[in-house]
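Structure record follows, encoded as structure tokens.
The values are calculated or read from the model by the stated rules, or taken from the named source; none is laboratory data. Remember, predicted model here, so these are calculated numbers, not experimental data. All Cβ positions, even for glycine, are placed from backbone atoms using ideal geometry, and neighbour counts span all protein chains on display.
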Amino acid sequence: MALAYTQISKNKWESGGILLMFMVFVMAVGFLLAEVQSPGGGMIGLIIAAAISFIWTLVAYFTGDKIALAANGAKPIQKQDNPMVYNLVENLCISAGLPVPKIYLIQSEAMNAFATGRKPETASIAITTGLLSRLEKKEIEGVVAHELSHVGNYDIRLMTLVAALAGVIMILTDIFWHWSFRSSGGGNRKNGQLQLVMMVVGILLIIFAPLISMLMQLAISRKREFLADASGALLTRYPEGLASALEKISQDSTPLPTASHGTAHLYISSPFKKKTWSNMFSTHPPIEARVKALREMNL
């Protein structure tokens, strides 16, 4: 039986370690791309990578939550619109010591929910009408506690940074690809051989750098889901509520048409119900593993 605090601590350290590796990887790609393009210019590439990372993250940091809510068709509600949901959220916020977030509803029969916002004071929670109508109150409480845990753990801020870093990888590889073609003409045989080597290195980076960055992004996302599960169960003191909710959500075959690949990692469960040959590229860990971890928790 795993203690809740032990699981939370483990997931924090693991996701933090992956994030650190991700940041180092971004800087390394910037350095190598510049070094291959212009020997001795690696530091310039590193500086460019750092600058792009900062600007890209800054934009995402201040606009990401509004974009996510609008893109998913979430509409704000007031307390009089749904007293049950408001009271449930308020009570959990009191227990968690968090400010009450803005509450949004997504008109869809799909069963899902997500949290967004760069800090607890500006956080929002979006819940589908299908989830509210098809889950029992204890199960809804488990889902809301999970989302509040994302808020309290600053997961949205972390994932904004991770998404920005992944975007930087794409920008850097694209810049290198265009630079390579622009400088491909003319020169002697020796320069032509060097250009060929550069092109090979560039192609390898273009193929593998985005793939590695995506796998790192998914790894962090999965760790934060396990962390939010454990934190949510600790908040409600009833892991079975969230475990039962996850099982019902996994059995729901209704897709969420407003969801996109850019916002899929925000949801408590993948909004794409189509099964693939592998879960390697899924933004979420298998539901079975999450339910097993919840039911093995010793509170």
### Cross-chain or 6+ apart pairs with Cβ under 7 Å, the stretch 68-91 first and at pLDDT 90 or above, then assigned to a helix (DSSP H, G or I) and hydrophobic (A, V, I, L, M, F, W, C)
Val85/Leu132; Leu88/Ile140; Leu88/Val144; Val89/Val144
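Is it fair to say Ser180 is part of a helix (DSSP H, G or I), among the small types (Gly, Ala, Ser) and at pLDDT below 65? Break it down into steps so the answer makes sense when it comes.
Numbers: part of a helix (DSSP H, G or I): yes; among the small types (Gly, Ala, Ser): yes; at pLDDT below 65: yes.
Judged against the criteria, Ser180 is a match.
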### Query
Within the stretch 74-95, can one find any residue that is small (Gly, Ala, Ser), surrounded by 17 or more Cβ atoms within 10 Å (Cβ to Cβ) and outside any helix (DSSP H, G or I)?
yes
### Message
So for the stretch 115-123 (the condition being part of a strand (DSSP E or B), crowded, with 17+ Cβ neighbours inside 10 Å and in contact (Cβ under 8 Å) with a residue 24 or more places away in the chain), does at least one residue qualify?
### Response
yes
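Does Ile169 qualify as being surrounded by fewer than 16 Cβ atoms within 10 Å (Cβ to Cβ), of a type in the set (A, V, I, L, M) and farther than 22 Å from Phe272 by Cβ? If you could, list the steps in order and put the result at the bottom.
Working: surrounded by fewer than 16 Cβ atoms within 10 Å (Cβ to Cβ): no; of a type in the set (A, V, I, L, M): yes; farther than 22 Å from Phe272 by Cβ: yes.
Considered against the rule, which asks whether it is surrounded by fewer than 16 Cβ atoms within 10 Å (Cβ to Cβ), of a type in the set (A, V, I, L, M) and farther than 22 Å from Phe272 by Cβ, Ile169 comes out as no.
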